[in-house]
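See below for the structure under consideration.
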Amino acid sequence: MATPPRLLDERQRMTSIILIVYTTQYRKGGAQFRQVAETLAREKRSLGMAVRCVAVERKIALQTLLKQLKGDGQLLAEFHFVGHAGIYGPMWGSTEYPEQFSPYELRQLEFPWAIEAKAYFHACRTAPWFAPYFARQQQVTSYGYHWYTTFSAQPDRYRFPGKQKPHRPLYAFGSPGRKSHGWGATFKKVIGKMAAEPWKEFSPSAEPVDTSYNEVAKLYAATFADITVRRDEFAWLRGHLPQDAVLRVLDVGCGNGSLLKALLPQLDSGVGVDVSEGLLLQAKKVAEENPQLSFYRIEGPTLPLPDHSVDVAISLLSFRYLDWDPMLVELMRVLKPNGKLLVVDMVTAPVTLSEYPQLLRSKLRHYQDRKRRPEFYSKLRQLVTHPGWAHMLKFNPIRSLREMQTYLESRFPGRKAEIINVGLHSRILAFDSGPVSNYQPGSTQYP
């Protein structure tokens with residue numbers, strides 16, 4: 001006999017809790033995050049709700065906690081994260097060794113959700129990409145903020161929190177500030193006229209979303225048929241390949257295969273992998289004329305190569321899309337102990353005063369290139385103005401300089417990222433891991 005809906009609801013209420021997790025070790029603000037989480041916990045308990053509020057500093061600690069809840073038969077009516085976030089979601093670990101769940105890892109996380117559960121992310125910039133992605137993958141209504149978060153003594157508008165005291169209420173919410181809106185926003189905060197940003201709500205959707213380059217594959221292949229048009233990036237990569245050996249190279253995010261084609265004089269063989277079927281169709285045309293090259297489609301952080309079979313792995317303008325920790329585990333498996341990883345990618349960061357000479361040099365080279373290669377820039381304009389390009393970028397945002405730089409440098413201690421090109425709001429980062437035997441793995445367990 002089926003259980004009546006009323007009894008099901010009652011049973012769920014008896015086993016459901018609100019889980020509030022916060023971080024204290026990643027960058028500054030740890031004490032305030034604890035206070036915000038404790039304020040939230042007190043307010044939820046005053047409404048008669050069962051609440052668990054706990055500091056969770058590492059990814060593996062959250063995985064362990066979720067398994068414990070599931071084993072204890074507890075369901076999550078609400079999940080709250082209080083802490084720092086990058087564009088791809090909450091940050092864990094420390095500044096010296098940052099951690100973040102990759103899209104692949106987020107899909108694998110098993111939250112014991114209650115019926116009509118909700119997830120709230122009290123952290124900077126969680127609305128543009130992370131909260132909608134989380135809603136789709138976990139099938140729960142999710143909430144985030146578009147702007148950077150601020151600490152406040154009031155929940156609905158900014159009020160200077162003053163000196164911290166135990167049990168004094170403290171809140172964190174999205175708000176325009178000096179970083180995003182200039183000094184005018186700071187003035188509004190000071191005079192008490194800055195209201196809290198309302199939560200941005202994202203409902204779960206089961207509809208599949210193509211986040212790859214498929215829609216613009218032909219335009220992309222035509223634009224970058226000759227990858228050497230990326231003059232700075234190609235010169236850096238070629239200069240960091242071992243010069244005294246014939247190499248087996250892996251291109252992660254190979255696109256149309258033009259990079260491996262351009263590197264052929266230095267290769268014994270090359271393997272390219274990508275998620276886009278459309279781009280791989282173009283790459284396989286390259287392989288038909290160059291039998292030393294082969295291309296494969298991958299889904300998730302799995303590489304179709306044997307252990308220790310690659311001298312150099314390259315990620316050119318694709319590292320931002322990868323599942324960082326899981327993919328690094330795979331790359332360390334397929335690279336030889338003295339092999340290396342080369343990363344060149346675009347990152348976001350406003351230009352600093354000391355970088356203006358480099359910015360001017362970059363602008364001058366760009367101007368010269370436009371005069372030298374008008375056909376390329378015409379094709380590039382067609383590519384970046386195509387609606388499919390904007391759609392792809394919506395689901396694959398560019399990472400920040402700090403996010404990518406600290407990640408790579410923490411995984412390969414002693415190695416430093418370089419900036420090889422500077423724009424007003426972005427730059428090109430380049431990183432040579434050196435021998436991958438120096439790799440420092442994290443503590444996360446992968447399914």
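Just so you know, all these numbers are worked out from the coordinates, no wet-lab data involved. Bear in mind the structure is a predicted one, so any value in this text is a computation, not a measurement. Backbone-built Cβ (ideal geometry, glycine too); neighbour counts: all protein chains shown.
Assuming a ≥ b ≥ c are the square roots of the Cα gyration tensor eigenvalues, decide whether segment 20-164 counts as rounded (a/c under 1.5), prolate (otherwise, with a/b larger than b/c) or oblate. Since a/c stays below 1.5, the shape of segment 20-164 is classed as rounded. Beta bridges per DSSP, both residues in segment 214-438: antiparallel share near 35 percent. The count of lysine pairs in segment 317-447 with alpha-carbon distances below 23 Å, taking only pairs 8 or more places apart or on different chains, stands at 6. Quick one: grab the alpha carbon gyration tensor of segment 347-418, order the square roots of its eigenvalues as a ≥ b ≥ c, and give me rounded if a/c is under 1.5, else prolate or oblate depending on whether a/b is larger than b/c. It is oblate, given that a/c is not under 1.5 and a/b is not larger than b/c. Between the alpha-carbon centres of segment 387-401 and segment 131-157 there is a gap of 20 Å.
For a quick protection proxy, order the peptides 312-320, 28-36 by their average other-Cβ count within 10 Å, most packed first.
On the way: 312-320: 23.0, 28-36: 18.6.
Order by mean packing, descending: 312-320, 28-36.
What does the charge count around ASP311 come to, taking other residues whose C-beta lies under 10 Å from its C-beta (Lys +1, Arg +1, Asp -1, Glu -1)? That sum, taken over residues with Cβ under 10 Å, equals +2.
Could you line up VAL344, VAL286 from fewest to most neighbouring Cβ atoms inside 10 Å?
On the way: VAL344 25, VAL286 21.
In order of increasing Cβ crowding within 10 Å: VAL286, VAL344.
A compact globular protein would have a Cα radius of gyration near 2.2 N^0.38 Å; the ratio found for the chain is 1.08. About the centre of its Cα atoms, the chain shows a dipole size close to 1900 debye [charges on the beta carbon of Lys, Arg (+1) and Asp, Glu (-1) only; nearest 20 debye].
Going by neighbour counts of Cβ atoms within 10 Å, the residues ILE191, ILE227 line up, fewest first, as ILE191, ILE227.
What number comes out for the charge environment of VAL246, summing +1 per Lys or Arg and -1 per Asp or Glu over other residues with Cβ under 11 Å away? Intermediate values should be presented prior to the final figure.
Details: positive: ARG248; negative: ASP244, ASP268, ASP311.
Spelling it out: positives minus negatives among the neighbours equals -2.
Along segment 102-107 the Karplus relation, 6.51 cos²θ - 1.76 cosθ + 1.60 evaluated at θ = phi - 60°, assigns HN-Hα couplings of 6, x, 4, 5, 4, 5 Hz to successive residues, with x for each Gly and Pro.
If you bin all the Cα-Cα distances of segment 299-447 at 10 Å, starting from zero, the percentages per bin are 10, 32, 33, 20, 5, 0.
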